[in-house]
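Peer 1: Pasting in a structure now, in structure tokens, and then I'll have a few things to ask.
The values are calculated or read from the model by the stated rules, or taken from the named source; none is laboratory data. Worth saying up front: this structure is predicted, and the values here are computed from it rather than measured. Positions of Cβ are backbone-derived with ideal geometry, glycine not excepted, and every protein chain shown enters the neighbour counts.
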């Protein structure tokens, strides 16, 4: 379905050294109504970061300068969390497993089936549109959480689950007053004014992790 008038402009970044394949891909995706930008090398894409959102990357798995997997790692380190769709004329099961373990959104075999390609790209764009606003908040949550003591992390997780100070005190065999003191310090460390804001930040973090973003990639961002 094309992007409707009045909605956010979607962006598709194609990374491929194969000019003919890129031309075919562009024609196939033209009906999506998205803005399509071509990069003939990984370095050109990296120099263009940050990319406009919402967006998705369509990356040739076998690139001359670096592998698609290495490019995925690099864009995540640079703080780009747009869904990455890999494509190639062939792939073995071991490589396919590595792609998904490292956070690839999808793999499509070339030559494309136009409908399949369009549907996968539309799903990737919809995912990024839904999650892009949470990226900054998720990274902030992770960096704050990683600096907490083990006890503070436990209390933060329980607060994030919506438990009351009294319930947390019972679970951790501590007094409600002690938990309340921890709550105040935790909110200050996360730079939020309420537990509701803390829960929202934790939800954003979990959404980003569900996208396949690793702890190490969040730490590097």
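Peer 1: When you go through 63, 93, 99 one by one, which is the residue that is in contact with a helix residue (DSSP H, G or I) (Cβ under 6 Å, 6 or more places away or on another chain) and over 16 Å from residue 29 (Cα atoms)?
Peer 2: 63
Peer 1: Take the residues of the range 54-68 that are over 15 Å from the mean Cα position of the chain (by Cα) and not in a strand (DSSP E or B): which is nearest to residue 110 (Cα to Cα)?
Peer 2: From the range 54-68, those over 15 Å from the mean Cα position of the chain (by Cα) are 59-68; that's our starting set.
From what is left, the residues that are not in a strand (DSSP E or B) are 61, 63-66, 68.
Working: 61: 11, 63: 15, 64: 18, 65: 21, 66: 20, 68: 15 Å.
Filtering first and then ranking leaves 61.
Peer 1: Which condition number in (1) exposed (fewer than 13 other Cβ atoms within 10 Å of the Cβ); (2) in contact (Cβ under 8 Å) with a residue 12 or more places away in the chain is the one that residue 175 fails?
Peer 2: Only one criterion in (1) exposed (fewer than 13 other Cβ atoms within 10 Å of the Cβ); (2) in contact (Cβ under 8 Å) with a residue 12 or more places away in the chain is unmet by residue 175, namely (2).
Peer 1: Follow-up. Across the range 206-216, what is the total count of residues that are at pLDDT 55 or above and more than 10 Å from the chain's Cα centre (by Cα)? Walk me through it before giving the result.
Peer 2: Pass one, the range 206-216, residues at pLDDT 55 or above: 206-213, 215.
Adding the requirement that they be more than 10 Å from the chain's Cα centre (by Cα) leaves 206, 215.
So the answer is 2.
Peer 1: Would you check which residues across the range 110-136 are in contact with a helix residue (DSSP H, G or I) (Cβ under 9 Å, 6 or more places away or on another chain) and more than 30 Å from residue 206 (Cβ to Cβ) and list them? Steps first, please.
Peer 2: The initial filter retains those residues of the range 110-136 that are in contact with a helix residue (DSSP H, G or I) (Cβ under 9 Å, 6 or more places away or on another chain), namely 110-112, 114, 117-118, 121-122, 125, 130-131, 133-136.
Residues satisfying the conditions are 110, 111, 112, 114.
Peer 1: Based on this model, can you work out whether residue 93 counts as more than 18 Å from the chain's Cα centre (by Cα) and either buried (at least 19 other Cβ atoms within 10 Å of the Cβ) or closer than 20 Å to residue 60 by Cβ (or both)?
Peer 2: Working: more than 18 Å from the chain's Cα centre (by Cα): yes; either buried (at least 19 other Cβ atoms within 10 Å of the Cβ) or closer than 20 Å to residue 60 by Cβ (or both): yes.
For residue 93, the condition - more than 18 Å from the chain's Cα centre (by Cα) and either buried (at least 19 other Cβ atoms within 10 Å of the Cβ) or closer than 20 Å to residue 60 by Cβ (or both) - is met.
Peer 1: Would you confirm, using the coordinates I've provided, whether residue 191 is surrounded by fewer than 15 Cβ atoms within 10 Å (Cβ to Cβ) and in contact (Cβ under 8 Å) with a residue 24 or more places away in the chain?
Peer 2: Details: surrounded by fewer than 15 Cβ atoms within 10 Å (Cβ to Cβ): yes; in contact (Cβ under 8 Å) with a residue 24 or more places away in the chain: yes.
So residue 191 passes the test.
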